[in-house]
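Colleague: A single structure is presented below for examination.
The values are calculated or read from the model by the stated rules, or taken from the named source; none is laboratory data. What you are looking at is a predicted structure, and each value in this text was computed from that prediction instead of being measured. Neighbour counts are summed over all protein chains in view; Cβ atoms, including those assigned to glycine, are modelled from backbone coordinates with ideal geometry. We work out accessible area using only protein heavy atoms, side chains counted, and drop any ligands, DNA or RNA first. Shrake-Rupley method; radii C 1.70, N 1.55, O 1.52, S 1.80 Å.
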Amino acid sequence: MIYILLGLPGAGKGTQGELLSRKLGIPKISTGDILREAVKKGTPLGLKAKEAMDRGELVSDDIVIGIVKEKLQSDDCSRGCILDGFPRNIPQAEELDRIDGNVFAIYINVPEEEVIKRLCARRVCPSCGALYNLITNPPRDDEKCDRCGTPLIQRDDDKEEVIRERIRVYREKTEPIINYYRERGKLVEVDGHGSINEVFSRLEAAL
Ligand code: AMP
């Protein structure tokens, strides 16, 4: 089974996906993480993706579909996986159905004002990738990573102007795929309010 996480940027897809990945023992694949890593390393893929990412727009379908296809064919994903950040539009959802129709979507519903607050407070460890939130999930020591001690950073696209553009793109391109899966009976909706554990308990119950 391929689980898909849907919801506004900042709805908790990465965090909940991580917990689900541990519980089910299958990997979580985040197209955003893969693209950010490529940008950091300056690979040809990163160079192609950077401009769109900096503006909060979507990277071209060819690029992300290529990444996902390769991952899904790897041994790691033989028992399934969790996709975080893919599909992001109807053509990507249709392509995923052609690659493997055994998909199920989890829509984490959080209102827009709440995600803007969360994203402005989001911090990430540039070394190990751990996610924090200065309000809901702060690191123990100031702004340093609990796991490895590296000073935390704010993602470039978590600045307020870029967040607004990412939300606009989400409404226009990504939101329609909620209905795409709902109409096919392949979607559960989870209320994304509250603590990480509260949301995860709802998610487990919904599955
Ligand atoms: P995320 O970490 O999922 O918010 O993704 C960060 C950025 O990576 C997005 O704003 C897009 O520019 C790009 N991106 C990630 N996944 C996709 C995708 N499936 N399709 C197109 N662009 C993507």
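Colleague: What spacing in nm lies between the two simple spin-label points modelled at R155 and L131, each 7 Å away from Cα in the Cβ direction?
Modeller: Output for this residue pair reads 0.8 nm.
Colleague: Still on this structure: In the structure displayed, which of K159/K186; K41/K117; K13/K186; K13/K48 lie more than 22 Å apart, Cα to Cα?
Modeller: The answer is K159/K186; K41/K117; K13/K48.
Colleague: Determine the dipole magnitude for the chain: charges of +1 sit on the beta-carbon of Lys and Arg, -1 on that of Asp and Glu, nothing else is charged, the reference point is the Cα centre, and the result goes in debye to the nearest 20.
Modeller: Details: 33 positive and 36 negative charges, 62 e Å.
For this selection, approximately 300 debye.
Colleague: To check you understand DSSP bridge types, tell me what percent of the beta bridges within the chain (both residues inside) are antiparallel, rounded to 5.
Modeller: Among the beta bridges of the chain, antiparallel pairing accounts for roughly 25 percent.
Colleague: Dipole size in debye (nearest 20) for region 1-99 around its Cα centre, Lys and Arg Cβ +1, Asp and Glu Cβ -1?
Modeller: Charge dipole of region 1-99: 320 debye, to the nearest 20.
Colleague: Work from the charge dipole of region 39-107 (Cβ charges, +1 for Lys and Arg, -1 for Asp and Glu, about the Cα centre) and give the residue of Q92, G80, G42 farthest towards its positive end.
Modeller: Of the listed residues, the answer is G42.
Colleague: Along each of its three principal axes, how wide is the spread of alpha-carbon positions in region 1-49, in whole angstrom units, largest first?
Modeller: For region 1-49, the Cα extents along the three principal axes come out at 34, 24, 16 Å.
Colleague: Leaving out ligands, DNA and RNA but keeping every protein chain, what accessible area does I135 have, in Å² rounded to the nearest 10, with a 1.4 Å probe?
Modeller: Spelled out: I135, probe radius 1.4 Å, area about 120 Å².
Colleague: Taking the Cβ of G46 as the center, what net charge do the other residues with Cβ under 12 Å away carry, scoring Lys and Arg +1 and Asp and Glu -1?
Modeller: Working: positive: R36, K40, K41, K48, K50; negative: E37, E51, D54.
Value of the local net charge: +2.
Colleague: Taking 8 Å as the Cα distance limit and 6 or more residues as the minimum spacing, I'd like the relative contact order of the chain as a percentage.
Modeller: Contact order relative to length: 29 percent.
Colleague: Another question about this same structure. Write down the accessible area per residue of region 1-55 in Å², having rolled a 1.4 Å probe over the full set of protein chains.
Modeller: Value returned for region 1-55: 46 Å² of accessible area per residue.
Colleague: Over region 1-108, what is the relative contact order in percent, taking alpha-carbon pairs closer than 8 angstrom and at least six residues apart? Provide the component values of the computation, followed by the final result.
Modeller: On the way: 131 pairs, mean separation 53.8, N = 108.
Once divided by the residue count of region 1-108, the mean separation gives 50 percent.
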